[in-house]
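Q: Here it is, the structure, as structure tokens.
The values are calculated or read from the model by the stated rules, or taken from the named source; none is laboratory data. Since this is a predicted model, take the numbers as computed values, not measurements. Glycine gets a Cβ as well: all are built from the backbone with ideal geometry, and neighbour counts include every protein chain shown.
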Amino acid sequence: MYRFCVLLNVLKSISILLFLFMPLLLLLLLPLPLSYATTSRTELNETLVFAAEKLQAFKIFDDEQQPAGQVSGRSFICVPLFRVFSLELRHNIRLAADEYIAVSGDHAALGYWQLEKAVPLKAQDRARTKWYLRLWVCASQRFYYRYLIYAKNGQGRRILRSWEGQKVARMMQTYEIYRSPGLDIFGEAYPRSVGGGFHLERGWLQHEYVIELKFVWQDHMVIQGVGSKAKLRLALTPLNVIDDSRIEVAKYVYNHSSFRPLSALGVKYSQGSIVIFRISQPLDIYNAFRLSIYQTGSKQSLGEVYIFPEQIRGSRGTLQLPIFASLQTIAIGQLSLPYLVVLPMPKVEACNLRESFHHYWPDNWPTMDVGYRGLGASYYQASTTLTENTIESFLAVMKAKGDMVQLDVQLTKDYVPVVWHGFGFYTSGKDQQIRDRFDLRYVLIRELTYAELKASRVFILKRWSLQEYTHLNLRDSSQSQRIFPKLSEVYEALPKSLGLLVEIKWPQLMASGLLESTQSLNKNVYVDRILQTTVRYGCGRPLIFASFDADICTMIRLKQQVFPAILMSIGRSNIWDPYMDLRAQSFQQAVNFAHSADILGTALHVENFAQKHQLLSVALDLKQVIFLWGNDLGQDEHLIEQFRALDATGVIYDHMDRVGPASWKRSSFFRAPQLLELFGAQCVASGNSSTIPGAKPPKPTIWPKLR
């Protein structure tokens, strides 16, 4: 009876508690009003959790960014990172008044590597050396980012001045929310890794163009009463009321040839030295300039030269300008001044900040075996088995276990890039009977359209004998032995594991004053067509552009950020006549040009290193590549091995099937799948693809265990 009374009292107590708290339980179970639910915020373990409206917004954003049915790598179910970007400028980097810092990356919040969408940082001090940014980044896996310096022109467009060029961009893991953000140093990342350390890239042209005024000849000016050995100073000043131009200057001195802002005192100049003025200004802006000439130690101008916009026509030329006495209209001399105009490449906005290959050639790679025009020059060497500059000859290099092949490219009259070494060839009428060479006429490639080229008879003059190659001038693209293949056909026919050294042909002015050949095509369009063809058909492979024309190397460097360039040079030679351009007359000046133009390196004739093999260190010490070429290499296997032992970047030679590495080499270097994936990033950086061909999907982040 007692136990029954106790149980009854307990049940009564429970019923009383249920009666008291039942309204509260019902209130909690009922749905909240919409206005309250969308504005409420819930805190769990002091961590802010997104409300239903915010999650729905993320889902809508994801659906807009991804194709139907495809899972996004940036899911709306993500970890919100409150990232603090803290940056400091060191290494004597100082910003101009119109320059700013921004960050770009592979995340939507960072602009997907697009310059116009990069997020600006805020300055922390008056010296503008410390910058910061606080930004919410919602990411379910790691993301990459880089810092950059940009300016704004008069139209409000961003001009990329410089950006971090490490092979691998800075990386942020999702679990790093639990770490202090730390301090980043501009241009410095992964100091202990290959491809890391301090490295900055100059921006490519997008909304501006460049004019270069070049003192690159032995003699440029004659001034009354001034000797040829006089030491002068040159100062260039814009004359427009609204100055929207940027002037830099480079004077060639070993390891100090890079462009720098022009000081008020100008730059020293003497006969035979190399000085280049580089003027950057927005598109559709045309300025006039005054070049003032001073004698060293004098503050009074010796003479002045005026350069007006209408005098600079086309892509290149030479100005013949009078030198006037200071503040007078009396001419006291004459100045011959070559110039170059570099315009942005069409559709350059597709290029992005994902990666740069301008200087990517690790010094721990082995010496490359490069086939010269395939297995070698065939038109003037009876010992070469295959016809030069044909797909058949290029593929034979791979069978001989060569790493790369060198080929020559130039444009037809209708701007079609074709592979051919000489500037022209001998031809005749279709049904004309040929008795001797006097029945032939020489025609230039630039004078023919591609259709006319493929319909032409082709003759090669060999030591006073004639040989016809018309039977190889085929239209069928499946015939690998045909001559005049399109550059696009070569790219498609050759495997991506075969590296290419693409030499762009352009006639040079000789020191004697004569031209190698004539060229009437627009130089900017000429280079643009080759670059556009390469972006479309040739990206995703080890590829280097080369040219004997220093200006073409400059144009390739300024127009894009994907393909590197090297200067080919005869240097000092007893075989060929020298060029007028001092940049191509010696190995030292070629190295200075590579440093000034910020290109990958040089390719010199082997004659420059006869009994002076140690000269290779002149280029290698500046982290430049150095290729060697010449007939001697194809005739002496021991000479190739000597340069291989000295860590030359590559040797370009004939007869690889005879003196090549097939007897001891396991395979060509670029057959490694990892390297093909690495160069596949070219297609993404150039805007030709959104993904790297053959790349594995990124792995999800592995979260650390929390105690």
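Q: Scanning for something crowded, with 17+ Cβ neighbours inside 10 Å, among the hydrophobic types (A, V, I, L, M, F, W, C) and not assigned by TED's automatic domain parsing to the domain that holds residue 604, does the range 383-390 turn up at least one residue?
A: no
Q: Mind listing whichever residues of the range 163-190 are among the aromatic types (Phe, Trp, Tyr), part of a loop (DSSP other than H, G, I, E, B) and modelled with pLDDT of 90 or more?
A: 186
Q: Any residue in the range 625-639 that's under 17 Å from residue 661 (Cβ atoms) and in the same structural domain as residue 591 (by TED's automatic domain parsing): show its pairings with residues that are charged (D, E, K, R) and assigned to a helix (DSSP H, G or I) at Cβ separation under 8 Å, as long as the two are six or more apart or on different chains.
A: Correct list of pairs: 639/632.
Q: Follow-up question, since we're still on this one. Would you point out which residue out of 488, 465, 480 is surrounded by 14 or more Cβ atoms within 10 Å (Cβ to Cβ) and farther than 24 Å from residue 547 by Cβ? Steps first, answer last, please.
A: Details: 488 fails: farther than 24 Å from residue 547 by Cβ; 465 fails: surrounded by 14 or more Cβ atoms within 10 Å (Cβ to Cβ).
So the residue among 488, 465, 480 that is surrounded by 14 or more Cβ atoms within 10 Å (Cβ to Cβ) and farther than 24 Å from residue 547 by Cβ is 480.
Q: Residues in the range 531-546 that are within 23 Å of residue 569 (Cα to Cα) and in a helix (DSSP H, G or I): how many?
A: 1
Q: Can I ask one more? Under 18 Å from residue 538 (Cα atoms) and crowded, with 23+ Cβ neighbours inside 10 Å: which single residue out of 425, 394 fits that description? Steps first, please.
A: Details: 425 fails: under 18 Å from residue 538 (Cα atoms).
Selected residue: 394, the only one of 425, 394 that is under 18 Å from residue 538 (Cα atoms) and crowded, with 23+ Cβ neighbours inside 10 Å.
Q: Among the residues of the range 375-387, count how many are farther than 30 Å from residue 672 by Cβ and either touching a helix residue (DSSP H, G or I) at 6+ places or on another chain (Cβ under 8 Å) or assigned to a strand (DSSP E or B) (or both).
A: 2
Q: Condition (residue is at negative phi and without any contact (Cβ under 8 Å) to a residue 24 or more places away in the chain) applied to the range 347-367: is it met by at least one residue? I'd like the intermediate steps shown before the answer.
A: Of all residues in the range 347-367, those at negative phi come to 348-367.
Among the residues that remain, those that are also without any contact (Cβ under 8 Å) to a residue 24 or more places away in the chain are: none.
Within the range 347-367, not a single residue is at negative phi and without any contact (Cβ under 8 Å) to a residue 24 or more places away in the chain.
Q: When you go through 273, 298, 263, 257 one by one, which is the residue that is outside the structural domain of residue 522 (by TED's automatic domain parsing), exposed (fewer than 13 other Cβ atoms within 10 Å of the Cβ), under 30 Å from the mean Cα position of the chain (by Cα) and assigned to a loop (DSSP other than H, G, I, E, B)?
A: Going through 273, 298, 263, 257 in turn, the sole match is 263.
Q: Scan 444, 411 and give me the residue that is closer than 16 Å to residue 507 by Cα, in contact (Cβ under 8 Å) with a residue 60 or more places away in the chain and not assigned by TED's automatic domain parsing to the domain that holds residue 672.
A: After ruling out the rest, the residue left standing is 444.
Q: What pairs come up if the first residue lies in the range 328-345 and is part of a loop (DSSP other than H, G, I, E, B), the second is among the aliphatic types (A, V, I, L, M), and their beta carbons are under 7 Å apart, counting only those six or more places apart or on different chains?
A: Between residues of the range 328-345 that are part of a loop (DSSP other than H, G, I, E, B) and residues that are among the aliphatic types (A, V, I, L, M), the close pairs are 344/205; 345/531.
Q: Does the range 581-594 contain any residue that is of a type in the set (S, T, N, Q), under 30 Å from the mean Cα position of the chain (by Cα), closer than 28 Å to residue 498 by Cβ and assigned to a loop (DSSP other than H, G, I, E, B)?
A: no
Q: Looking only at the range 493-508, count every residue that is in contact with a Lys or Arg (Cβ under 6 Å, 6 or more places away or on another chain) and either free of Cβ contacts under 8 Å to residues at least 24 places away in the same chain or not basic (Lys, Arg) (or both) and tell me the total.
A: 1
Q: For residues that are part of a loop (DSSP other than H, G, I, E, B) and free of Cβ contacts under 8 Å to residues at least 40 places away in the same chain, tally how many sit in the range 551-580.
A: Going through the range 551-580, the residues part of a loop (DSSP other than H, G, I, E, B) turn out to be 560-564, 570-578, 580.
If we keep only those that are free of Cβ contacts under 8 Å to residues at least 40 places away in the same chain as well, we get 570-576.
So the count comes out to 7.
Q: Can I ask one more? Would you be able to say whether some residue in the range 516-525 is part of a loop (DSSP other than H, G, I, E, B), loosely packed, with under 15 Cβ neighbours inside 10 Å, at pLDDT below 95 and out of contact with any Phe, Trp or Tyr (no Cβ under 9 Å at 6 or more places or on another chain)?
A: The answer is yes; a qualifying residue exists.
Q: A further question follows. Please state which of the following conditions residue 365 fails to meet, knowing it meets all the rest: (1) of a type outside the set (Val, Ile, Thr); (2) within 24 Å of residue 274 (Cα to Cα); (3) not in a strand (DSSP E or B).
A: The failed condition is (2).
Q: Of all residues being among the hydrophobic types (A, V, I, L, M, F, W, C) and surrounded by fewer than 20 Cβ atoms within 10 Å (Cβ to Cβ) in the range 139-171, which is nearest to residue 599 (Cα to Cα)? Just the residue, please. Walk me through it before giving the result.
A: To start, the set of residues in the range 139-171 that are among the hydrophobic types (A, V, I, L, M, F, W, C) comprises 139, 143, 148-149, 151, 159-160, 163, 168-169, 171.
Narrowing further to those that are surrounded by fewer than 20 Cβ atoms within 10 Å (Cβ to Cβ): 151, 168, 171.
Values: 151: 23, 168: 20, 171: 27 Å.
So the residue we want is 168.
Q: Right, here's the next one. List pairs: first residue in the range 191-202 and modelled with pLDDT under 80, second residue among the charged types (D, E, K, R) and not in a loop (DSSP other than H, G, I, E, B) anywhere in the structure, Cβ distance under 6 angstrom, at least six positions apart or on different chains.
A: none
Q: Sticking with this one: Somewhere in the range 326-338, is a residue outside the structural domain of residue 551 (by TED's automatic domain parsing), of a type in the set (Ser, Thr, Tyr) and surrounded by 16 or more Cβ atoms within 10 Å (Cβ to Cβ)?
A: Looking through the range 326-338, none of the residues is outside the structural domain of residue 551 (by TED's automatic domain parsing), of a type in the set (Ser, Thr, Tyr) and surrounded by 16 or more Cβ atoms within 10 Å (Cβ to Cβ).
Q: For the structure I just gave you, tell me whether residue 407 is of a type in the set (A, V, I, L, M, F, W, C), in contact with a Lys or Arg (Cβ under 7 Å, 6 or more places away or on another chain) and buried (at least 24 other Cβ atoms within 10 Å of the Cβ).
A: So residue 407 fits the description; yes.
Q: Would you mind finding the one in 148, 160 that is touching a strand residue (DSSP E or B) at 6+ places or on another chain (Cβ under 7 Å), of a type outside the set (Phe, Trp, Tyr), closer than 27 Å to residue 316 by Cα and assigned to a strand (DSSP E or B)?
A: 160
Q: Of 488, 480, which residue is in a loop (DSSP other than H, G, I, E, B), within 35 Å of the chain's Cα centre (by Cα) and within 29 Å of residue 651 (Cβ to Cβ)?
A: From the options 488, 480, the qualifying one is 480.
Q: Same structure again: Does residue 512 qualify as being in the same structural domain as residue 395 (by TED's automatic domain parsing), surrounded by fewer than 23 Cβ atoms within 10 Å (Cβ to Cβ) and more than 24 Å from residue 692 (Cβ to Cβ)? Explain how you work it out, then say what you get.
A: Working: in the same structural domain as residue 395 (by TED's automatic domain parsing): yes; surrounded by fewer than 23 Cβ atoms within 10 Å (Cβ to Cβ): yes; more than 24 Å from residue 692 (Cβ to Cβ): yes.
It is true that residue 512 is in the same structural domain as residue 395 (by TED's automatic domain parsing), surrounded by fewer than 23 Cβ atoms within 10 Å (Cβ to Cβ) and more than 24 Å from residue 692 (Cβ to Cβ).
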